[in-house]
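Chemist: My questions all concern the structure below.
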Amino acid sequence: MKVLVCDSISPHAIERMRKACIEVDVQDKITADELLQVVGEYDAIVVRSRTKVRKPVIDAAKKLKVIVRGGVGVDNIDVDYAQAKGIRIMNTPGASTASVAELTLAYLFALARPIVQATISMREGLWEKSKFEGIELQGKVLGIIGMGRIGTAVATRAAALGMIVLGYDSRSIGPAPFMQMVTLDELLAKSDFITLHLPLTPESHHMINAETIAKMKTGVRIVDCARGGVIDEGALYDAIRAGKVAGAALDVFENEPLTDRKLFELPQVIGSPHIGASTHEATARIGDEVADILIGLNRDGC
């Protein structure tokens with residue numbers, strides 16, 4: 001089996017695959033044009049969130065049998081088209097759960113206590129103590145939209161902080177510990193903080209928009225460590241400017257890398273460049289799960 005690794009995974013995982021007699025080429029900065037030129041040589045490719053596998057790449061991949069997505073979402077892959085061509089799509093859904101959940105909690109704290117803004121102020125030589133009064137998370141209502149692995153992990157951690165946790169999922173979800181499942185409208189109306197943990201689909205695209213924001217509490221704070229495109233960024237900008245939304249923390253964006261930086265003109269917005277799964281531990285787990293998948297598929301062995 002010949003494998004192209006398009007985005008970085010752990011060196012240990014690469015070594016494991018090579019010991020299992022898999023031919024592995026690592027090109028973790030490969031461009032879209034370069035991928036088109038070489039993908040036809042490979043039986044499998046490994047991607048994370050950076051590399052997009054769209055129809056032109058799939059058409060050029062004459063030998064491709066499997067695409068492995070290191071991580072959860074597969075919206076950077078044209079899944080139906082690939083599957084129609086007989087290409088398997090596999091991912092590592094549990095590997096980054098703790099890392100993304102912890103980044104979400106970090107953002108909840110940073111929205112409640114304006115740590116980022118205070119740091120910037122101090123770097124400018126200021127001492128604006130009265131400007132940075134925050135709020136406590138204890139006793140506040142956290143609404144979680146999307147109750148998969150990560151949403152559930154966030155709920156457990158938030159409940160331990162003394163937050164009142166509401167959950168919404170479009171699927172039928174039974175009773176969950178530490179929280180109450182509610183309708184989307186009830187969640188929007190009652191939540192002091194809202195965090196998103198759902199894939200980008202035609203149904204979830206711009207789920208957070210002018211209409212749904214209007215149903216939220218004035219002063220709500222929003223976190224998105226899930227997928228760009230779930231939030232209508234223009235509507236969010238307008239709502240922050242109007243004072244409806246008190247703050248937002250964004251790890252993901254509709255277009256990545258981010259080019260339109262209008263949201264970051266607002267001091268109420270903090271963010272990061274899609275680093276939810278970027279921890280040492282998650283990278284190691286993702287690599288190991290990718291290696292397990294490909295070693296298991298390598299029928300030729302050594």
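The values are calculated or read from the model by the stated rules, or taken from the named source; none is laboratory data. These figures come from a predicted structure and were not determined experimentally. Because the Cβ atoms are built from the backbone with ideal geometry, glycine has one as well, and the counts that use them run over all protein chains shown.
To keep it simple, each residue is scored yes or no on (1) of a type in the set (D, E); (2) under 28 Å from A248 (Cα atoms); (3) surrounded by fewer than 19 Cβ atoms within 10 Å (Cβ to Cβ).
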| site | (1), (2), (3) |
| --- | --- |
| D7 | yes, no, no |
| C21 | no, no, yes |
| S49 | no, yes, no |
| K55 | no, no, yes |
| K62 | no, no, yes |
| A82 | no, no, no |
| G94 | no, yes, yes |
| Y107 | no, yes, no |
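Chemist: So T195 ticks every box in (1) of a type in the set (S, T, Y); (2) surrounded by 19 or more Cβ atoms within 10 Å (Cβ to Cβ); (3) more than 23 Å from T183 (Cβ to Cβ) but one. Which box is left unticked?
Modeler: (3)
Chemist: Could you check region 64-79 and list, in sequence order, the residues that are of a type in the set (D, E, K, R), in a loop (DSSP other than H, G, I, E, B) and at pLDDT 95 or above?
Modeler: The answer is K65, D78.
Chemist: Tally the residues that are among the aliphatic types (A, V, I, L, M), part of a helix (DSSP H, G or I) and under 22 Å from the mean Cα position of the chain (by Cα), restricting the search to region 157-175.
Modeler: 2
Chemist: Okay, next question. Output the residues belonging to region 114-130 that are farther than 14 Å from V223 by Cβ and in contact (Cβ under 8 Å) with a residue 12 or more places away in the chain.
Modeler: Answer for region 114-130, where residues must be farther than 14 Å from V223 by Cβ and in contact (Cβ under 8 Å) with a residue 12 or more places away in the chain: P114, Q117, A118.
Chemist: Another question, if that's okay. Whether any residue in region 49-58 is among the charged types (D, E, K, R) and either in the same structural domain as T201 (by TED's automatic domain parsing) or over 21 Å from the mean Cα position of the chain (by Cα) (or both) is what I want to check.
Modeler: Yes, the conditions are met somewhere in region 49-58.
Chemist: Same structure again: Which members of region 32-49 meet the condition of being in a loop (DSSP other than H, G, I, E, B) and in contact (Cβ under 8 Å) with a residue 60 or more places away in the chain?
Modeler: Hits for region 32-49 are R48, S49.
Chemist: OK, next. Anything in region 119-150 that is crowded, with 16+ Cβ neighbours inside 10 Å, aliphatic (A, V, I, L, M) and in a helix (DSSP H, G or I)? List them, or say none.
Modeler: Across region 119-150, the qualifying residue is only I150.
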